[in-house]
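The structure appears right after this line, and notes come after that.
Please treat every number below as a calculation from the coordinates, not as lab data. In this text, all values refer to a predicted model and were calculated from it rather than measured experimentally. Counting neighbours? That spans all protein chains shown, and the Cβs are built from the backbone with ideal geometry, glycine included.
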Amino acid sequence: MNKITTVLPLFFLAALSARSQTSYTPEKVFGHRAMSYQHVVTHAFEEGTMRLANVLLYDTEYGSKRNNIYFIRNTFSYAVKKNLSLVAGLGMKNPGSFGMLALQFQYKQQSFSLSYTGGATYQRGFTLEQSLILEYLPEIREKLHMVIRAQIAANINNTYDRGFQQIRAGLKTAGLQFGLAANLDQWHNSTKTLQNYGLFIKTTIK
């Protein structure tokens, strides 16, 4: 599976020449405990029913590698209805490779958007994985918006196996977002937790 997660991102590069839409959204967080980088690359095919996505997160603690966090996931989604998609993916995260199959519901209206994903993930056993993303971008004045974003994810079997929360609050102008950030991570019924508070900067390239 490690070879698959390495090779699949190359497919995204090959797909750029197709008549479709590709976007790249990188984000950097400068925190009190660690510095992190994450991005989302999406490639929507012309008919709009199929989409490829690559998500990468790397969080590195200052002066130590003991608590480094990594997450790589490549997914293919197919829209079965207007707001509902079937998602299949392969990836790597602490502590190893995984596969997933889920349903995703997306809703967007003006300055508010919601995305909920729920399904099965296999990594040393099956877990129920759920993810919720809420984003609110109210306009302050022309070309200036407030940013309020929260992402919550959890893997559950008989216990709370793994979870995280990412919270952002700031401003958006001309495709650039920046402001305050909080990353909260938990493992094994929260017997291990990490927090990282600081500043973020994010942009979208199409």
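Here are a few things to note about the model shown:
- Using the Karplus relation 6.51 cos²θ - 1.76 cosθ + 1.60 with θ = phi - 60°, the per-residue 3J(HN,Hα) values for segment 46-61 come to 4, 6, x, 8, 10, 8, 9, 9, 10, 10, 9, 9, 9, 10, 10, 6 Hz, with x marking Gly and Pro.
- Amide H contacts of N94: Y70, each under 5 Å away and 5 or more positions distant or on a separate chain (H built 1.01 Å from N in the peptide plane; Pro and chain starts excluded).
- Alpha-carbon centroids, segment 162-182 and segment 26-44: separation in whole Å: 10 Å
- Length gained when the stretch N157-K81 is fully extended (0.36 nm per residue, less Cα-Cα span): 24.5 nm
- Test item: Cα-centred dipole of the chain, Lys/Arg +1 and Asp/Glu -1 on Cβ, debye: 160 debye
- With the simple spin-label model, which puts each label point 7 Å out from Cα in the Cβ direction, the V40 to Q110 separation comes to 2.2 nm.
- Radius of gyration, Dmax [segment 52-152; alpha carbons; angstrom]: 16.4, 50
- The aspartates and glutamates whose alpha-carbon is closer than 15 Å to the alpha-carbon of K82, local same-chain residues fewer than 8 away aside, are E47.
- Residue-wise HN-Hα coupling along segment 181-192, computed from phi with Karplus coefficients 6.51, -1.76, 1.60 (Hz; x: Gly, Pro): 9, 9, 10, 10, 10, 9, 9, 6, 6, 6, 6, 10
- Under-5 Å amide H pairs with R33, H placed in peptide plane, nonlocal only: Y197
- Under the Debye formula (equal points on every Cα, no solvent term), log10 I(q)/I(0) of the chain at q = 0.10, 0.17 Å⁻¹: -0.45, -1.41
- Annotation for L176 and L132: the two label points, set 7 Å from Cα along the Cα-Cβ direction, are 3.3 nm apart.
- DSSP-loop trypsin sites (Lys or Arg not before Pro) across segment 80-164, with at most 13 other Cβ within 10 angstrom: K81, K82, R124, K143
- Pairs of lysine residues in segment 117-206 - Cα separation under 18 Å, sequence separation of 8 or more or cross-chain: 4
- Net lengthening on full extension, Q21/A169 (0.36 nm per residue, minus Cα-Cα): 50.5 nm
- Restricting segment 40-132 to GluC sites (Glu not before Pro) that sit in a DSSP loop and have at most 13 other Cβ atoms within 10 Å of their own Cβ leaves E46, E47.
- Free of any chymotrypsin sites (Phe, Trp or Tyr not before Pro) that DSSP assigns to a loop and that have at most 15 other C-beta atoms within 10 Å, the longest stretch within the chain is 63-206.
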